[in-house]
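The values are calculated or read from the model by the stated rules, or taken from the named source; none is laboratory data. Keep in mind that what you see is a predicted model, and the values were worked out from it rather than measured. Heads up, the Cβs are rebuilt from the backbone with ideal geometry, glycines too, and the neighbour counts pull from every protein chain shown. Ligands, DNA and RNA are stripped out before the accessible areas are found, and what is left, the full protein with its side chains, is counted by its heavy atoms. Shrake-Rupley method; radii C 1.70, N 1.55, O 1.52, S 1.80 Å.
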There are 2 protein chains.
Amino acid sequence: MRVLVIGGCGFIGSHVVDHLLKSGHRVRVYDRRPEMFRPPLPQVEYIAGDLADTAQIFEAMSGVDALIHLASTTVPATSNLDPVADITGNLISTVNLLEVLRSSSVGKIVYLSSGGTVYGVPTTDPVTETHPLHPISSYGIVKVAIENYLYMEQQLHGLQQVVLRASNPYGPRQGHTGIQGIIGTHLWRLARAEPIEVWGDGSVVRDFIHVHDLARLCVQAAEADISGCFNAGSGSGASIAEVVETIRATVGGDVQPVYKPGRNYDVPRVVLDIQRARDALGWAPTISLAEGIAETWDWVRRTVDKTG
Amino acid sequence: MRVLVIGGCGFIGSHVVDHLLKSGHRVRVYDRRPEMFRPPLPQVEYIAGDLADTAQIFEAMSGVDALIHLASTTVPATSNLDPVADITGNLISTVNLLEVLRSSSVGKIVYLSSGGTVYGVPTTDPVTETHPLHPISSYGIVKVAIENYLYMEQQLHGLQQVVLRASNPYGPRQGHTGIQGIIGTHLWRLARAEPIEVWGDGSVVRDFIHVHDLARLCVQAAEADISGCFNAGSGSGASIAEVVETIRATVGGDVQPVYKPGRNYDVPRVVLDIQRARDALGWAPTISLAEGIAETWDWVRRTVDKTG
């Protein structure tokens, strides 16, 4: 089938594109910028544009069977600084997108939501998809609202929609700006011989999913004749201290994090139950944290030599 | 205490103002328009303005202890026609309001949400506050998002907030435009000797709460040292056919509704469980449907003679 990937030049998007091509699909990418770490792929059709430009997105939908929406103008750590920009940039843009979708050929949408923020402070461990949604960041609130508009679109207009509530993705091609993804951030800093920083005492537990596993799930969700909401995690948790330890074992040498005060939007522990995706899609994560960190470190070292 | 009522000139707002005054509070009202059915009250301070005018709302908050937010720029039946206007007019305005609230004297907010839309199609009967939120109208989705921003404000900035998920309010001073509230709409039409219309076969069940009971709950919620989310219903359901029958018994004469096709956003049955509000606030509804319809009919007849 022909698939349009909105945000297809980002960290996760670039891997989704790879997996789509590997699975024999035709790929069109809509993104604001080209990929950061590799040149454009010859077999992919790229369209440069903003998520807010609904008319151009509608043009990009021409002949497309399925849409994978990975774009976000905000990140959890900063969304509370300007919730209105979050609402405008993500919620309103996506609601406009859904409206034009009705008169397009697209019958399926896969949307990347956020398992780390939509549940708020979890009251169960692990967290299933039926856990109440009590987000405490604008990022999470907007994700929930978009999930609800997708569900409404399914109920009222028959759109097939899959929401993937991703945990913490990491892996090659994760950016090094330091605002999202502690594994990538730590490895980039170590590769540049800079100190790494930990917010809080290292006891915060997260569910780290390798981007290959997540990208494969996105493609399987687009292919499957199914609607619904699925957690997308590794199935197990790791504390920040354990991550630092694994990084230390991989990188070797002296890795001493600088501890900083915790942040009030950091939830103590989020580990996602992924049984629903296993059952419905036959999907399972395959890459362990140690393997994934080793692979990512390998990529960071090769890349830092080229980009400085 | 001094209370600011946003939307205090509307149907529900006018009764909230009455109950606040009766309870000895000082009342300031912020609304776009004056009340429709009575002149301004001399003991109330009125400020004319729009929900989107955050600077003016901030001025109106001066010296205020508690805020009751009843304003909505949309109604369930029409919100899906323009979801972006719904998001802009209600969600963004309220998020802006919450931001300026932080630097005001207001320590408490009561927000009127919608028990008829936030749950979507209920899977339990009656519906408790822990029922999953799967709205299928933009109105309900925006209400959920506002509830989430209120909860976040409580968690991160210590605001005391009460969300009241109202069922279907009815009673004197309900408008006669016919877009909201079937009891008021039917009675107004009958008073004008016009035929009444029923969407669907009359089997749809709703939970009708008299506006006096709801207004009293708003005031008790503002007074109580409490945060949380509460259903605000009558505790029992009535089908549209039963409502028509009660109206027939009250009005007398020939009441023959014209049946029209059902609407795709109409949920078949919503009856709210109100135990949480009973327990936490010692509140209970006191006015039966038959009493309430009789009182409303009395008011409509007196009013139609004056307004034509």
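For residues in segment B:140-156 being more than 17 Å from B:SER72 (Cβ to Cβ) and more than 7 Å from chain A (Cβ to nearest Cβ), which is surrounded by the most Cβ atoms within 10 Å (Cβ to Cβ)?
The selected residue is B:GLU153.
Would you call B:LEU67 buried (at least 23 other Cβ atoms within 10 Å of the Cβ), under 21 Å from the mean Cα position of the chain (by Cα) and more than 14 Å from every other protein chain (Cβ to nearest Cβ)?
For B:LEU67, the condition - buried (at least 23 other Cβ atoms within 10 Å of the Cβ), under 21 Å from the mean Cα position of the chain (by Cα) and more than 14 Å from every other protein chain (Cβ to nearest Cβ) - is met.
Testing B:SER105 on (1) open to solvent by 10 Å² or more (accessible area, probe 1.4 Å); (2) in contact (Cβ under 8 Å) with a residue 12 or more places away in the chain; (3) within 14 Å of chain A (Cβ to nearest Cβ), one condition comes back false. Which one is that?
Among (1) open to solvent by 10 Å² or more (accessible area, probe 1.4 Å); (2) in contact (Cβ under 8 Å) with a residue 12 or more places away in the chain; (3) within 14 Å of chain A (Cβ to nearest Cβ), B:SER105 violates only (3).
Here is a list: A:GLY13, A:GLY8. Which entry is under 23 Å from A:GLY184 (Cα atoms) and either polar (S, T, N, Q) or in a helix (DSSP H, G or I) (or both)?
When all the criteria are applied, what remains is A:GLY13.
Given the conditions (1) closer than 22 Å to A:TYR151 by Cβ; (2) open to solvent by less than 10 Å² (accessible area, probe 1.4 Å); (3) of a type in the set (Val, Ile, Thr), and given that B:THR117 satisfies all but one, which numbered condition is not satisfied?
(2) is the only condition that B:THR117 fails.
Search segment A:157-167 for residues being buried (at least 21 other Cβ atoms within 10 Å of the Cβ) and touching an Asp or Glu at 6+ places or on another chain (Cβ under 8 Å), and hand back the single one that is farthest from A:PHE208 (Cα to Cα).
The qualifying residue farthest from A:PHE208 (Cα to Cα) is A:GLN161.
Could you say which residue among B:SER113, B:SER14 is touching a helix residue (DSSP H, G or I) at 6+ places or on another chain (Cβ under 6 Å) and either within 14 Å of chain A (Cβ to nearest Cβ) or polar (S, T, N, Q) (or both)?
Just one listed residue meets the conditions, B:SER113.
Considering segment A:195-248 alone, what residues qualify as being within 13 Å of the chain's Cα centre (by Cα), part of a strand (DSSP E or B) and either surrounded by fewer than 21 Cβ atoms within 10 Å (Cβ to Cβ) or of a type in the set (Val, Ile, Thr) (or both)?
A:ILE209
Can you find even one residue in segment A:43-60 that is open to solvent by 60 Å² or more (accessible area, probe 1.4 Å), touching a residue at least 24 places away in the same chain (Cβ under 8 Å), under 15 Å from A:GLY7 (Cα atoms) and assigned to a strand (DSSP E or B)?
For segment A:43-60, residues open to solvent by 60 Å² or more (accessible area, probe 1.4 Å), touching a residue at least 24 places away in the same chain (Cβ under 8 Å), under 15 Å from A:GLY7 (Cα atoms) and assigned to a strand (DSSP E or B): present.
Would a scan of segment A:18-37 turn up a residue that is open to solvent by less than 30 Å² (accessible area, probe 1.4 Å), part of a helix (DSSP H, G or I) and closer than 23 Å to A:ASP213 by Cβ?
Yes, segment A:18-37 contains a residue that is open to solvent by less than 30 Å² (accessible area, probe 1.4 Å), part of a helix (DSSP H, G or I) and closer than 23 Å to A:ASP213 by Cβ.
Kindly indicate the residue of segment B:126-139 that is within 8 Å of another protein chain (Cβ to nearest Cβ) and under 19 Å from the mean Cα position of the chain (by Cα) and also most open to solvent (accessible area, probe 1.4 Å) among those meeting that condition.
Filtering segment B:126-139 for residues that are within 8 Å of another protein chain (Cβ to nearest Cβ) and under 19 Å from the mean Cα position of the chain (by Cα), the one most open to solvent (accessible area, probe 1.4 Å) comes out as B:LEU133.
Please give the number of the condition A:LYS306 fails out of (1) surrounded by fewer than 19 Cβ atoms within 10 Å (Cβ to Cβ); (2) outside any loop (DSSP other than H, G, I, E, B); (3) modelled with pLDDT of 95 or more.
(3)
Suppose the filter is open to solvent by less than 40 Å² (accessible area, probe 1.4 Å) and either assigned to a helix (DSSP H, G or I) or under 23 Å from A:VAL100 (Cβ atoms) (or both); does B:THR88 pass it?
The answer is no for B:THR88.
With respect to A:VAL163, is the statement that it is in contact with a Gly (Cβ under 8 Å, 6 or more places away or on another chain) and either within 11 Å of another protein chain (Cβ to nearest Cβ) or under 30 Å from B:GLU99 (Cβ atoms) (or both) true?
For A:VAL163, the condition - in contact with a Gly (Cβ under 8 Å, 6 or more places away or on another chain) and either within 11 Å of another protein chain (Cβ to nearest Cβ) or under 30 Å from B:GLU99 (Cβ atoms) (or both) - is met.
Contact list please: Cβ distance under 9 Å, first residue in segment B:1-24 and without any contact (Cβ under 8 Å) to a residue 12 or more places away in the chain, second residue open to solvent by less than 40 Å² (accessible area, probe 1.4 Å) and not in a strand (DSSP E or B), pairs at least six apart or on different chains.
Once the first residue is without any contact (Cβ under 8 Å) to a residue 12 or more places away in the chain and sits in segment B:1-24, its partners that are open to solvent by less than 40 Å² (accessible area, probe 1.4 Å) and not in a strand (DSSP E or B) give B:LYS22/B:VAL219.
B:PRO261 is checked against (1) under 18 Å from B:GLY181 (Cβ atoms); (2) in contact (Cβ under 8 Å) with a residue 60 or more places away in the chain and fails just one. What number does that condition carry?
In the conditions (1) under 18 Å from B:GLY181 (Cβ atoms); (2) in contact (Cβ under 8 Å) with a residue 60 or more places away in the chain, B:PRO261 misses (1) alone.
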